[in-house]
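These notes are about the structure you will find just below.
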Amino acid sequence: MISQSNPDLTNTDQVCIFEVGPRDGLQNETGFIETADKVRLIDLLSNTGISRIEVTSFVSPKWVPQMADAKDVFEAIGRTPNIRYAALTPNLKGYRRAREAGANEVAIFGAASETFSQKNINCSIAESIERFKPVIEAAKADDMPVRSYVSCIIECPFEGAVAPDQVARLAEIFITMGCYEISLGDTTGAGVPETVIEMLNSVTSAVPVSRLAGHFHDTGGRAVDNIKASLDLGLRTFDTSVGGLGGCPYAPGSPGNAATGKVVNLLNGLGIDTGIDIEKLNEAEIFARQLKEGRQ
Ligand code: HMG
Ligand code: MG
């Protein structure tokens, strides 16, 4: 039985790493990455002790061609018991596809910026909330955990700085709707500890810190500092990407999410357990880099 809740978030010596490389990292790659390579990457990750892996997205293949093989990837991966294999689902159609493919949890994804919401999912923030309601209802009926992202927690690539209370408002709405966790996305990697702390102070006044995850892109080179600042404020779940895969479509050539290996090393150095075998992770990181380098 897969637990609905996070790993022991009351234990301050434990942090949950949520691996997003196969989805957030690979979705930005131009040119199709072979399904077999995606599967190999996920299988290597399944061998590391990581407990949650975001495998792919069930989005429109016209919008994100790289994720067009979502069903095939899910069907081909080896499943390790106790790992939750997750997928992004922007609407009911995506949710049904994910459930059929055997996802263990799904994620809706909203944004704290109107323009980003329009550009990313082709609707306003208010419309996105209406679109997510039936997804959450269907998931509840299936006993499927739903996570939610809030993008642009610090900055929108189109509108600039985002107000912390707008992030808090949306996070609270998604928790009230039934999401078990909110992943706070620094989409453009513009955050620095000062702005991250200001944003988190606002969000934690609306949502318990145990329900929050940090999703820091490393575009500005401060992702690890932002994770440290978030740890100090009590966050215990962080999204990372194997080998730092990915990039920001709004900043060509930029690095991707905080690299899993870098974050695990940081946490180990602080005496915090992640349950991840660093040597096995290294094998996955080497393969992730080969995938990336093979394409440069
Ligand atoms: P739309 O065009 O407004 O949707 O797109 P629609 O409902 O009008 O449908 C248009 C067509 O798409 C139809 O097909 C639908 O069937 C199809 P047609 O009749 O033209 O042949 N369609 C779908 N096909 C497969 N799966 C689906 C699906 N839905 C519709 N689920 C939509 C709206 C949301 C679908 C589109 O905008 C979309 O797919 N967007 C996804 C964008 C995306 O994946 N962005 C990256 C992920 S978010 C992110 O990276 C940020 C994050 O990492 C956090 C952070 O860093 O901030 C999470
Ligand atoms: Mg992201």
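The values are calculated or read from the model by the stated rules, or taken from the named source; none is laboratory data. Values in this document were obtained by computation on a predicted structure and should not be read as measured data. Every residue, glycine among them, receives a Cβ derived from its backbone with ideal geometry; neighbour counts consider all protein chains shown.
Filter region 252-280 down to the residues that are within 16 Å of ligand 2 (Cβ to nearest atom) and under 22 Å from residue 232 (Cβ atoms), then identify the one that is nearest to the chain's Cα centre (by Cα).
Across region 252-280, the extreme among qualifying residues is 257.
Conditions first: (1) more than 14 Å from the chain's Cα centre (by Cα); (2) modelled with pLDDT of 85 or more; (3) under 14 Å from residue 276 (Cα atoms). Residue 51 passes all but one, so which condition is the exception?
If we test residue 51 against (1) more than 14 Å from the chain's Cα centre (by Cα); (2) modelled with pLDDT of 85 or more; (3) under 14 Å from residue 276 (Cα atoms), just (1) comes out false.
If residue 28 passes every condition in (1) surrounded by fewer than 20 Cβ atoms within 10 Å (Cβ to Cβ); (2) closer than 18 Å to residue 285 by Cα; (3) away from ligand 2 (no atom under 14 Å from the Cβ); (4) of a type in the set (S, T, N, Q) but one, which one does it miss?
(3)
Could you list, in sequence order, the residues of region 238-279 that are buried (at least 18 other Cβ atoms within 10 Å of the Cβ) and in contact with an Asp or Glu (Cβ under 7 Å, 6 or more places away or on another chain)?
Residues satisfying the conditions are 240, 241, 242, 243, 244, 246, 255, 256, 257, 258, 260, 261.
Restricting attention to region 176-198, and to residues there that are more than 13 Å from ligand 1 (Cβ to nearest atom) and more than 20 Å from residue 107 (Cα to Cα), which single residue is surrounded by the fewest Cβ atoms within 10 Å (Cβ to Cβ)?
Ranking the candidates gives 194 first.
Tell me the strands (runs of 3 or more DSSP E) entirely within region 172-265 that contain at least 1 residues that are over 22 Å from residue 278 (Cα atoms) and not acidic (Asp, Glu). Steps first, answer last, please.
On the way: elements: 181-186, 212-216, 237-240.
Correct list: 181-186, 212-216.
Could you pull out the residue among 40, 79 that is part of a loop (DSSP other than H, G, I, E, B), more than 14 Å from ligand 1 (Cβ to nearest atom), among the charged types (D, E, K, R) and in contact (Cβ under 8 Å) with a residue 24 or more places away in the chain?
79
So in region 93-124, with the set limited to residues that are part of a helix (DSSP H, G or I), of a type in the set (A, V, I, L, M, F, W, C) and buried (at least 20 other Cβ atoms within 10 Å of the Cβ), which one is farthest from ligand 2 (Cβ to nearest atom)? Write out each step before concluding.
At the first step, the residues of region 93-124 found to be part of a helix (DSSP H, G or I) are 93-101, 114-121.
Checking the rest, the ones that are also of a type in the set (A, V, I, L, M, F, W, C) come to 98, 101, 116, 121.
If we keep only those that are buried (at least 20 other Cβ atoms within 10 Å of the Cβ) too, we end up with 98, 116, 121.
Numbers: 98: 18, 116: 12, 121: 14 Å.
The qualifying residue farthest from ligand 2 (Cβ to nearest atom) is 98.
Could you go through region 54-69 and let me know if any residue there is part of a strand (DSSP E or B), within 23 Å of residue 280 (Cα to Cα), within 16 Å of ligand 2 (Cβ to nearest atom) and touching a residue at least 40 places away in the same chain (Cβ under 8 Å).
The first filter runs over region 54-69 and keeps only residues part of a strand (DSSP E or B), leaving 54-57.
Going one step further and asking which of them are within 23 Å of residue 280 (Cα to Cα), we end up with 54-56.
Adding the requirement that they be within 16 Å of ligand 2 (Cβ to nearest atom) leaves 54-56.
Restricting the remaining residues to those that are touching a residue at least 40 places away in the same chain (Cβ under 8 Å) gives 54-55.
Within region 54-69, one or more residues are part of a strand (DSSP E or B), within 23 Å of residue 280 (Cα to Cα), within 16 Å of ligand 2 (Cβ to nearest atom) and touching a residue at least 40 places away in the same chain (Cβ under 8 Å).
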